[in-house]
Amino acid sequence: MRRRTPRARPGDGRRYNPATVRALYPGSFDPVTLGHVDVIARGAALFDECWIGIGRNGAKQPSFTLEERRAQLEAVVADLKVRARVVTFDGLVVDFARKNQIGCLLRGLRSSQDFDYELPMAQLNRKLAPAIETAFVVPTPEHAFISANLVREAGRHGATLRGLVPECIRAKVEERLREAGASGSGSRSDNQSKGGGRGG
Ligand code: PNS
């Protein structure tokens, strides 16, 4: 986060790097929702640099390809007119962060259920990479119920995704999910994703 005063030391006595803070918002973004957009806008406002990283959640088989998700995020960033960079990564998020001088991981917290999923992950990430912080932002209540899981489910049944995904990508996302619903594909990923994450 932007600070003008000298940086305090956390409880373990480590010094924060006083240089600009580059944050990474990692996620599956399958697909990008208005909840994600909320976090991206807050991250871009809070940090000197905000990177959005499409990672692999080992417990989930994505419905949208990496290229589709990257294109969705690029469109959203252009539409929001924020300074943010879209990247993809494989392997551990902390390894990618270390290699790219990322000082902070950013995640959104919608509920206590998210918290139960996020806290152990943040603690494990700290164990693996003590110099990298995790920061959480809380989305606006209108977006708090939105999850990529629910969006996929509604979209496969042909529901409108207005108010759930950004308008700039809505038509494409609706079309892709409607096709997946009609062909019966994608149900496997739903089953796999249960308990394998927090629902995006
Ligand atoms: O949107 P999601 O599915 O909650 O995102 C999860 C993601 C991709 C951020 C998380 O699974 C991740 O960071 N995966 C990379 C592997 C990793 O570092 N896992 C956390 C510590 S084992």
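Filter segment 25-57 for residues that are in contact with a His (Cβ under 7 Å, 6 or more places away or on another chain) and outside any strand (DSSP E or B) and give the result.
First, the residues of segment 25-57 that are in contact with a His (Cβ under 7 Å, 6 or more places away or on another chain): 27, 29, 34-35, 38.
Hits for segment 25-57 are PHE29, LEU34, GLY35, ASP38.
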Among the residues in segment 64-71, are any under 21 Å from ALA122 (Cα atoms) and either touching a helix residue (DSSP H, G or I) at 6+ places or on another chain (Cβ under 6 Å) or within 16 Å of the ligand (Cβ to nearest atom) (or both)? no
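Residues that are under 16 Å from GLY27 (Cβ atoms) and in contact with a strand residue (DSSP E or B) (Cβ under 9 Å, 6 or more places away or on another chain): does segment 149-161 have at least one? Before the answer, list the steps.
Within segment 149-161, the subset under 16 Å from GLY27 (Cβ atoms) is 149-152.
Checking which are in contact with a strand residue (DSSP E or B) (Cβ under 9 Å, 6 or more places away or on another chain) leaves us with 151.
Yes, there is a match, as at least one residue in segment 149-161 is under 16 Å from GLY27 (Cβ atoms) and in contact with a strand residue (DSSP E or B) (Cβ under 9 Å, 6 or more places away or on another chain).
If I filter segment 177-200 down to residues being modelled with pLDDT under 55 and closer than 22 Å to LEU34 by Cα, which single residue comes out as surrounded by the fewest Cβ atoms within 10 Å (Cβ to Cβ)?
Step one: list which residues in segment 177-200 are modelled with pLDDT under 55, which gives 187-195.
Still in the running and closer than 22 Å to LEU34 by Cα: 189-190, 193-194.
Numbers: SER189: 17, ASP190: 15, SER193: 23, LYS194: 11.
Per the stated criteria, the residue is LYS194.
Of the residues LEU150, LEU119, LEU177, LEU161, which single one is touching an Asp or Glu at 6+ places or on another chain (Cβ under 6 Å) and more than 12 Å from the ligand (Cβ to nearest atom)?
Of the residues listed, the single one that is touching an Asp or Glu at 6+ places or on another chain (Cβ under 6 Å) and more than 12 Å from the ligand (Cβ to nearest atom) is LEU161.
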Please give the helices (runs of 4 or more DSSP H) falling wholly within segment 58-176 in which 2 or more residues are touching a residue at least 60 places away in the same chain (Cβ under 8 Å) and either within 14 Å of the chain's Cα centre (by Cα) or loosely packed, with under 15 Cβ neighbours inside 10 Å (or both). 66-80, 112-128
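The values are calculated or read from the model by the stated rules, or taken from the named source; none is laboratory data. Being a predicted model, the structure only gives us computed values, none of them experimental. Cβ: placed from backbone, ideal geometry, glycine included. Neighbour counts: every protein chain shown.
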